[in-house]
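Input: a single structure, listed below in structure tokens.
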């Protein structure tokens, strides 16, 4: 009987100990030390990263801390893998979502042992909306409840995803030829805007001589080799394109090779942001420059030639560049039958009344002249008109 009483006393003490232990509250100072959104402000349609840092400013480790985050009403968390940590659960509907994150281990020691995690959310509606992150632990009577939460107010602005594409008029252009670039900008939304700017860093002046830049609603200005075009027309609908910009210039590169060009687009309205800037820079257009030069045919002759009297016709080939022409460039002229052709200079030959002269190599800006002697054979009823033609050698 005495032994039985002893067992009963032990059971009473054990029960009392368990009761006291189970009902005992601890007092850890839990803290949300940092909460931020990046970027802020953000354009509608873009994805922001929200970062939360929490700490346990007391000594014992807390094993049941829970962080509750009220997602901003103008953001949406998709909840897919990679958007939220695996230990977080998403509830609610877009515009009223809550993220609940359970931290099974939060060691003491304050900031030195703080824990940071993040989640991603897509900006939806322009405006500002509050978001509060709060930390708590069941059974904890926080010794400093004032630092248990932080509130931020991220701003969403209108968003317009502007993409730029560039094209060249030809993949290969002979030196001295004309090359055109076409720039096309598209607004992929989700909002509209007309405030955009295109900047094109043209090839070096030694390779490309700018002539013009045109486009409906565009105003373009050149400074050095930088062309800046601002748009002042109406905004296209989401998914629509702005009027194209056409840039024209002459190839002045004095050696065969390639020239490259690239351009970029940006939004000039500070209240509209681009949610996807990776497509703001155009593709690179590479143009093959073939050997070539701009050749001119020039012709002059004695203004009046009487029957039986002599005169001359001067056929000239002028190379305006940019490259030296190899030997073989020809100029041809069909001379009127009222004139008798005399002894031709070196490099010239005739077939009937057609005279063809072949030049040796002509340097850029150089000129070669062929003087053709003629004699008046018969009178004409008026002024004679004819044209000489030049072509590069093959």
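Residues are listed down the side, and each one gets a yes or a no for (1) at pLDDT 95 or above; (2) under 17 Å from the mean Cα position of the chain (by Cα); (3) under 18 Å from residue 163 (Cβ atoms):
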position: 209; (1), (2), (3): yes, no, no
position: 219; (1), (2), (3): yes, no, no
position: 236; (1), (2), (3): yes, no, yes
position: 244; (1), (2), (3): yes, yes, yes
position: 260; (1), (2), (3): yes, yes, no
position: 273; (1), (2), (3): yes, yes, yes
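A count restricted to segment 187-201 and to residues that are out of contact with any helix residue (DSSP H, G or I) (no Cβ under 9 Å at 6 or more places or on another chain) and assigned to a strand (DSSP E or B) stands at 9.
Within segment 52-70, the set of residues being part of a strand (DSSP E or B) and under 11 Å from residue 107 (Cα atoms) comprises 54, 55, 56, 62, 65.
State which residue is farthest from residue 311 (Cα to Cα) when the search covers only segment 340-368 and only residues that are touching a residue at least 40 places away in the same chain (Cβ under 8 Å) and surrounded by 15 or more Cβ atoms within 10 Å (Cβ to Cβ).
The initial filter retains those residues of segment 340-368 that are touching a residue at least 40 places away in the same chain (Cβ under 8 Å), namely 355, 357, 359, 362-368.
From what is left, the residues that are surrounded by 15 or more Cβ atoms within 10 Å (Cβ to Cβ) are 355, 357, 359, 362, 364, 366, 368.
Details: 355: 16, 357: 18, 359: 22, 362: 27, 364: 30, 366: 25, 368: 20 Å.
Residue satisfying both the conditions and the ranking: 364.
Hey, does segment 373-390 have a residue that's in contact (Cβ under 8 Å) with a residue 12 or more places away in the chain, within 13 Å of residue 331 (Cα to Cα) and assigned to a loop (DSSP other than H, G, I, E, B)? For segment 373-390, residues in contact (Cβ under 8 Å) with a residue 12 or more places away in the chain, within 13 Å of residue 331 (Cα to Cα) and assigned to a loop (DSSP other than H, G, I, E, B): present. Only one of the listed residues (89, 70, 121) is out of contact with any helix residue (DSSP H, G or I) (no Cβ under 8 Å at 6 or more places or on another chain) and more than 19 Å from residue 152 (Cα to Cα). That residue is 89.
Selection of segment 226-237 for residues being part of a loop (DSSP other than H, G, I, E, B) and surrounded by 15 or more Cβ atoms within 10 Å (Cβ to Cβ) yields 235, 236.
The values are calculated or read from the model by the stated rules, or taken from the named source; none is laboratory data. It should be emphasised that the depicted structure is a prediction, and the values quoted were computed from it without experimental measurement. Heads up, the Cβs are rebuilt from the backbone with ideal geometry, glycines too, and the neighbour counts pull from every protein chain shown.
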